[in-house]
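Worksheet for the structure shown next.
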Amino acid sequence: MITDDRRQTNYVSRFTFHITRHSSLVTYATVLGAFFLRAYRLADKNVWWDEGWSVWLSQKDLAWIAWRTASDEHPPLHYWMLHFWNMLAGTDAFAGRFLSLAFGVLTVALLYRIGKRIGGAWIGVLAAAFLATARFDIWWSQDIKNYTPSIFFAFAAVWFALDLISDFRHLHLRAAQVFQISDSPVRRSPWLWRILPQSAIRLSLFGYAVFAALAMWTHYLAALVLLAVNLYALIVFARAFYTSHITHHASEVRLIGSLGNWFIANALAAALFAPWMYVYLQNAAAWSAAPAFDFSLFLKLVATVLPLGVTTNIDNYAALTIALTIIAALPVVSGQWLVVRKQDGYPLSTNHYSLLFILIVVLPPILIYILSLTPVSFFAPKIQPRYLLILSPAYVMLLALGVALLARLSRYVAVFAVLFVFAASAFVLNDYYATRRLTDDYATLANTINDFARQGDVVLLDTDQEWPTFLYYLRAPLDWLGVPNGAPMNTANADTLAQRALTQHDAVWLVVIPDALATDPQHLLEARLARELPQRFEKTFGDKRLVLYAAAPRDLTNVADADFVPQNLRAAQVNADLQLLGFDLPIHEAQAGDTARVVTYWNARNASAAQINSQTVPVPAGTRVRVETDLVIPPDASGDFSIQVGAMELARLRVEPRAGIAPAGAITHPTDYRFGDSIHLVGYDLPQTQFRAGDAVPITLYWRADRPIATSYTAFVHLVGAQFNPKQNNPLWGQIDSVPRDGAYPTTAWLPNEIVSDTYRVPIDANAPAGTYQIEVGLYDPATGARLPVDRGGNSVIAAKIEVAR
C-alpha cells in the first residue's frame, strides 16, 4: 500500500506524462538551450558604465582591486576572477560577458539537480527550463557583472544545505552504500575531524561553508539568501525537535548533532568571509539612505521583474504578472507546507522544501527595502531591480512546484500552465533581444584617438560622467583627466583643469559630451585651453565632440604602423593608385535616419578619390591613410543597406523602419514657426492652463520638415517664470530636453512634410511661486549646444502661457 507520505514526497508522479525515461535527454537539451539563449547576440550591445568599470578594475593588480572594492558596494571576488579570465580570453565585450554566461548556464544545471532532489526529475526539468528561458536571468548573463556568479555560489550553498538539514542517518547510510565508506573512525585523525560526522555530511558541511563564503565574497546581498536558508533550517529543526519530543522518539540526539553540524557549517562560512568583512568595515564609507521608494510600487516591481524581467512600464504587463504570480503562489496558498509529515521524527516532505523557496523569494526583498531606508549605515543599497536577480532560481522553482500542484487537478491544466510560462517568456524575450543593438556612441571617436595619439598626449573628459565606458574603447595608453560630473564650470575650475592637463603634456584630446552643455554653457574650459594651445582638430560624433589642442601640427591622415588595427581587414585593389586595406564599422544594425560612420584604410600611391556609396571621398597619399565617411541612412529605408566602395560591397546593415507615427489629427493651437531653414513648429496641444506647483504640464508639439534633416537635434520645453530660481541659477522652474518622441524619432528620421507629434510632461518645481509662466520651445545641436534660429527672431519661441498656484 502506498502511504500518503510517499505521495507527498513525490507528488509530481502524476505529471511525468509517461516519458520519465527521457528526462535526462530533456535536461541536456534544456542546458544547451540555456547556453544558446545567453550566447545569442551576446556582444550586440554597447558596454555601459558598470561593465566598463568592471573591465577597468579587473585590469589592475589583485591587491589594488581589493583596496578599491573595500570602499565600494561590491566585494572583490568577481573582479579577481575577471582579472584572470581577461588574461585568457581578452577584454572585449564578448569575452567579458562569457564569464557571466558560463555561471548562468551552470546555475540552470544546478537548479535541475536541486529540483530533482526535492520533487523528482520533472520538477528539476521544469525549474531548469523556466530559468533557462527567463528574460531576467538571460539579461544579466549577458552583462559583465557579478550577479550570475553570486547566484551560482548561493544556490550551490543551498544544495549542500539540503544535505545538512535532511535526516542525518539516512544521508550517512546512503553515503556508506554509494561510496562504501566505513563508519569506523580514522585513527589519529585531527581533532576537528573526530567531532565531525563522516562521509557525505562532512562534504556537505564544507561545501556549504565554502560556497556560502564565495557567494558573499561576490555579492553582499547573497547573505540575504543564506539568511532565508538559516530561517528555514531553524523552522525545520524546531518542528522536528518538537515532533520527536512529544513522541519520545530516540532521534533527539541525532537532531542535536545535526543542529551542531549546521552551526559549525555557518561558523566556518563566517570565518571564511571574516577577513574581507574586517577589511570592508575598516574602509567602508558611510551609506546614506537611498531616495524614498513607494512600497506599493516596490511590490509591483518585485512581482513583475522576477517572472518577466521587465523594469519599465510595468503596468502594461499586469495581466501576465498576475497570472504567473498565481502559479508561483500555489505552493504558498495551498497551505500544504504547513502540514507536519513525520518520517523518523523529521517533517521533511516536499511541502517543506516549498517553504524554503518561499522564504528565499519573500524575505530578501523585504530586507532590501528596509536596508534602503536606513538613514546611515555601512551598507544601504538603492532599490535596483537587478538586486532581485538572486531570487530568480527560487521563484522559478515555485513556478515548477505550482505546475506540479496543478497536475493533481488536471494534466491538461498543468500543460497549459507550462505553455503559458514559456509563452510569456518568449513574449518578453522578443522585446529584449530587439533592444540589443550596437550604436556608435564612442567607438569611432575613441578610435580616432587610438589611431593618432602620441606618447605624452592626455585625454580630458568634459564631463567624466561616462568615463568607464569611454576607457573601454580607448586602446591608447594615455593619461586622462575628468571634469567632475555635475559640477558647474567657472574660471577658476577651468584654470585648474587646464594647468593639470598641460603641466606634463603638450597635447590635449578634449572629449565633450552633452552633460558639458549644462555645466559649462559658456565653453570656459575650451577657451582656456585655446589660450595655451592652438586647436588642431575638431569633429562631431553624434551628440559628442572631439577636439585636439596641440603645440605642433599633427598628421591626422596616416596611421602609424604600431597603431594600425582595423576592425576588418580587407585587401582589395580599387584602381592603380588605391588599395583598400581594411575598414571599421562599429554597428551591424541601424534604424532609418541613423548615421553610419564608416572608416576606411588605404594604401594610396598618389592622392586620389574613392566612391563610397554616393559620396566621392578624397584619399590623400600615404601607406595607411584613414578616411572617415558619414553615411546617412534614408528615413524611408528598410531591409538591407549595402555599404560599397565603388562596385565592391564592404558590408551590409540591417535597417529597421522607424515605428509609425499616428496621424496628428486636429491641432488645437496651430502655429508656424520655422527653425533653421527647414523645420517648422506647426502647432501644439495644451489641454489646460491652470496648474499647481509640483504638477506636470502635458504638452504635445507638432513638427514638420521641408526636407531630410542631416543632424539629430534635441528639443527643449522650458517653463520660464518671472522670478529667479536659486537652485537652477536661472528663471527656469521646469524643463525637459529630449530627442523627439523620447529618442524614438530623431529629426534625421523625419520624412519631408510628415507631421510628427511630440509629447512631453514637464514637471513644475514644487517650490515654484504662484504666477504666470511661459512655455519656451526650441531645438539645439546636442554636440555644440547651438540653438537653431527662428525665422521671427531669436532662437526659441514662447508657445503658450500657464498659471501656477500654490
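The values are calculated or read from the model by the stated rules, or taken from the named source; none is laboratory data. All figures in this text were calculated on a predicted structure; none of them were measured in a lab. Cβ sites come from the backbone with ideal geometry, for glycine too, and all protein chains shown count toward neighbours. Please note that ligands, DNA and RNA were not included when accessible areas were found on the heavy atoms of the full protein model with its side chains. Shrake-Rupley method; radii C 1.70, N 1.55, O 1.52, S 1.80 Å.
Structure above, values below:
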quantity	calculated
Options (i) 222; (ii) 275; (iii) 155 - which one matches volume of the Cα convex hull per residue in Å³ as calculated here	(i)
Sum of -39500 (n - 2.57) over DSSP H runs of 4+, divided by residues of the chain (222 nm, nearest 500)	-14000 deg cm²/dmol
Additional length obtainable on full extension of the chain from Ala551 to Met648, 0.36 nm per residue less Cα span	30.9 nm
Built amide H within the under 5 Å cut-off of Gly482, gap 5+	Leu461
Whole-Å semi-axes of segment 424-467's equivalent ellipsoid (Cα gyration tensor)	37, 13, 6
Per-residue HN-Hα couplings for segment 438-446 [Karplus 6.51, -1.76, 1.60; θ = phi - 60°; Hz; x = Gly/Pro]	6, 10, 8, 6, 10, 4, 5, 4, 5
Full-extension gain in nm, Ala621 to Asp791, via 0.36 nm per residue minus C-alpha separation	56.7 nm
Charge tally in the Cβ shell below 13 Å around Tyr702, where Lys, Arg are +1 and Asp, Glu are -1, Tyr702 excluded	-2
Derived scalar couplings ³J(HN,Hα) [segment 151-162; Karplus, 6.51 cos²θ - 1.76 cosθ + 1.60; whole Hz; x for Gly, Pro]	5, 4, 5, 5, 7, 5, 5, 4, 4, 6, 5, 4
Amide H contacts of Ala507 (H built 1.01 Å from N, under 5 Å, at least 5 apart or other chain)	Val458
Rounded FRET efficiency, nearest 0.05, which uses the C-beta distance separating His669 from Ala319 and R0 of 45 Å	0.75
Contact order normalised by residue count of the chain, Cα under 8 Å, 6+ apart, percent	9
Surface accessible to a 1.4 Å probe, per residue, for the residues of the chain, Å²	44
Antiparallel bridges, percent of DSSP beta bridges restricted to the chain (to nearest 5)	85
Full-extension gain in nm, Tyr40 to Arg531, via 0.36 nm per residue minus C-alpha separation	171.7 nm
Segment 668-806: relative contact order as a whole-number percent, Cα under 8 Å and 6+ apart	31
Acute angle (nearest 10 degrees) that the helix 23-39 long axis makes with the longest principal axis of the chain, alpha-carbon atoms	20
Long-range amide H partners of Ala800 with built H, under 5 Å	Ile775
Computed log₁₀ I(q)/I(0) - Debye formula, equal Cα scatterers, no solvent, segment 395-510, q 0.11, 0.12, 0.22, 0.23 Å⁻¹	-0.58, -0.62, -1.18, -1.23
Rg/Rg_ref, segment 447-544, where Rg_ref = 2.2 N^0.38 Å and atoms are Cα	1.00
Accessible surface of the chain, 1.4 Å probe, proportion on carbon and sulfur as whole %	59
Rg [Å, one decimal], Dmax [Å, integer] - segment 642-748, C-alpha atoms	19.0, 63
Using alpha-carbon coordinates, inclination of helix 392-409 to the longest axis of the chain, degrees	60
From phi via Karplus (6.51, -1.76, 1.60), per-residue ³J(HN,Hα) for segment 793-800 in Hz, x at Gly/Pro	x, x, 10, 7, 10, 8, 6, 6
